[in-house]
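Step one of this worksheet: look at the structure below.
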Amino acid sequence: MHRFDAATEDLALAVLDRARQRLQLDPVPLDAPRAYDDLATAVGQTVTAAGLGGKQALDLFCDVLAEACLSTDHPRYLSFIPCAATEASTLFDLIVGASSVYGGSWMEGSGAVYAENQALRWIADLAGLPASAGGVFVPGGTTGNLSALMAARNEVRRREGTRRPLKVAAAATSHSSVSGACDVLDLDFVSVPLEPSDRGRLTGAALRRAFGDDRSDLAAVVATAGSTNLGVVDDLTSVADFCRAEGDQPRTWLHVDGAYGGAGLAAPSVRHLFDGIEHADSFIVDPHKWLFAPFDSCALLYREPALARAAHTQYASYLDVLTDRGEWDPADYAIGLTRRARGLPFWFSLAAHGTAAYTAAVERTLQVARAATAMVRDRPHLELVAEPELSVVAFYRRGWDTPDYSAWSQRLLDEQFAFVVPSSHEGRTCLRLAVVNPRTSEDDIAAILDTLD
Ligand SMILES: *Cc1c(COP(=O)(O)O)cnc(C)c1O
């Protein structure tokens, strides 16, 4: 089992060949979920005392199991937030897996951490964070939000020298993981009411209406830079202004959740929407969403990394040799100790292609989203939910009820044509196209919209 013999050599070639073939497919098959009983019949019991042998297990995966998984990089997979990894990043993921790198500490993974930190620095520079900023790649936005809010809570507790009930304020359009993180941390999630003048986004004015001059109970404000459902960017400048230190009130921690939209920082055509992000105390963006890296990867950055260390460093006798060496230990900045160097596939592609290619790719998806917006506007039976700001286009099909949307969505998947699931806005069912894949073209969008006639 732990030997590279002739059989392993054969398996290596088969595995690498399979990876190469999958990458070469154009287009990739969309595929679809299968029912449990169906899979049980086709696959049966795979874990046995004697083992199936690598070749047979590989065939089972390639021939049956993989086809029961949707391809999130299909150009007409436009639901949720797709994942459109570059070939370079996916290839390098194979090397990360084969390299047995421990990414939690500088002592064990300095080379990997050095490279990951350069990728983090690119993002920090796009956001205008100071030279002192730094952080870590975590599995996803959920862990990123939780880790950042834990640091924020810790900072209030440190400052006050006591533990008391605290709140986190965000718009109702913030991601579900934000209120989830509050549950974990026993913080009260306050959904800040918006008025028409807020134009669907969290503003400093909305926060002032909700809290007046007293923000002493707030552990943090969470602003969303690209809401998941509609791609709305909160008004970061006025929110940051609300969070400023004032009189005897210390500043309030500002966390910016850009898990999806943060990639827009790289695109000059929308960069202005993010003005004010430079004031963030913490910030996340998922490279596995709109920055073309494979699952799973979230870049988590802190303005003052020492505050995150104070919350997250684990102390134990068996860790003493790592602690306080003055080196950059990624495990000090988030929940979790052992970590895969999951920022490396993103780093490799960024290093290989250069940042200009990233700007061009994000702009390309924005161009397709704008074309989609125009197509929706041109079709009298369709109606935009809101004017898109980033690369999510949501719209209603006039005359349709929820079952019509569901039936249409299922038909497109059954025909292996597209994966577009319904969403809703203020209780009304709508359709939603999330364009983060540069392989998605205007023609793909037009073909999907044609099926709504
Ligand atoms: C997707 C998303 C998250 C959660 O990220 P995961 O990587 O799925 O854990 C958080 N916030 C926003 C705005 C998102 O779009």
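Students often check this: by mean Cβ neighbours within 10 Å, which of 375-385, 312-322 ranks highest, and how do the rest follow? Don't skip to the end; give the middle numbers.
Details: 375-385: 14.8, 312-322: 12.0.
Packing order, densest peptide first, comes out as 375-385, 312-322.
A helix-only calculation puts the chain at -12500 deg cm²/dmol for mean residue ellipticity at 222 nm, using -39500 (n - 2.57) for each DSSP H run of at least four residues, averaged over all residues. Counting 0.36 nm for each residue step from A356 to S317 and taking away their Cα separation leaves a gain of 9.4 nm. Average 1/r across all pairs of distinct alpha carbons in the chain, invert it, and you get the Kirkwood radius: 23.6 Å. For the range 269-423, the calculated P(r) over all alpha carbon pairs, in 5 Å bins from 0 to the bin holding the longest distance, is 1, 7, 10, 13, 14, 13, 11, 10, 8, 5, 3, 2, 1, 0 percent.
When each of the peptides 34-47, 164-177, 338-351 is scored by how many other beta carbons lie within 10 Å of its residues on average, the order from highest to lowest is 338-351, 164-177, 34-47.
Extension gain for A447-D401 works out to 14.4 nm (0.36 nm per residue, less the C-alpha to C-alpha distance).
Taking the accessible area of the chain, probe 1.4 Å, and keeping the other protein chains in place, the carbon and sulfur fraction comes to 54%.
Using R0 = 22 Å, the C-beta based FRET efficiency linking R379 and F417 works out to 0.75.
Defining a contact as two alpha carbons under 8 Å apart and six or more residues distant in sequence, what relative contact order in percent does the range 307-453 show?
Numbers: 139 pairs, mean separation 28.3, N = 147.
About 19 percent, as a whole number.
At a Förster radius of 35 Å, what calculated FRET efficiency corresponds to the Cβ-Cβ distance of R164 and Y102, to the nearest 0.05?
Numbers: r = 38 Å, r/R0 = 1.08.
The calculated FRET efficiency here is 0.40.
Applying a length cut-off of 24 Å (Cα extent along the axis) and a mean Kyte-Doolittle floor of -1.0 to the DSSP H helices of the chain leaves 6-24, 106-127, 141-160, 355-378. Note on C62/D188: beta-carbon distance plugged into 1/(1 + (r/R0)^6) with R0 of 56 Å gives a FRET efficiency of 0.70.
Taking every C-alpha pair closer than 8 Å and separated by at least 6 residues, the mean separation divided by the residue count of the chain gives a relative contact order of 21 percent. Does anything in the range 54-91 have its amide N under 19 Å from the 7 Å Cα→Cβ label point of R18, and if so which residues? The answer is 54-73, 90-91.
A 1.4 Å probe run over the protein chains yields, for the chain, 45 Å² of accessible area per residue, whole-number rounding.
With a 10 Å radius around each residue's Cβ, average the other Cβ atoms per peptide and rank 354-366, 284-296, highest first.
Details: 354-366: 17.4, 284-296: 27.0.
The packing order, highest mean first, is 284-296, 354-366.
The values are calculated or read from the model by the stated rules, or taken from the named source; none is laboratory data. Bear in mind the structure is a predicted one, so any value in this text is a computation, not a measurement. Heads up, the Cβs are rebuilt from the backbone with ideal geometry, glycines too, and the neighbour counts pull from every protein chain shown. All accessible areas refer to the heavy atoms of the entire protein, side chains included, with ligands and DNA or RNA removed. Shrake-Rupley method; radii C 1.70, N 1.55, O 1.52, S 1.80 Å.
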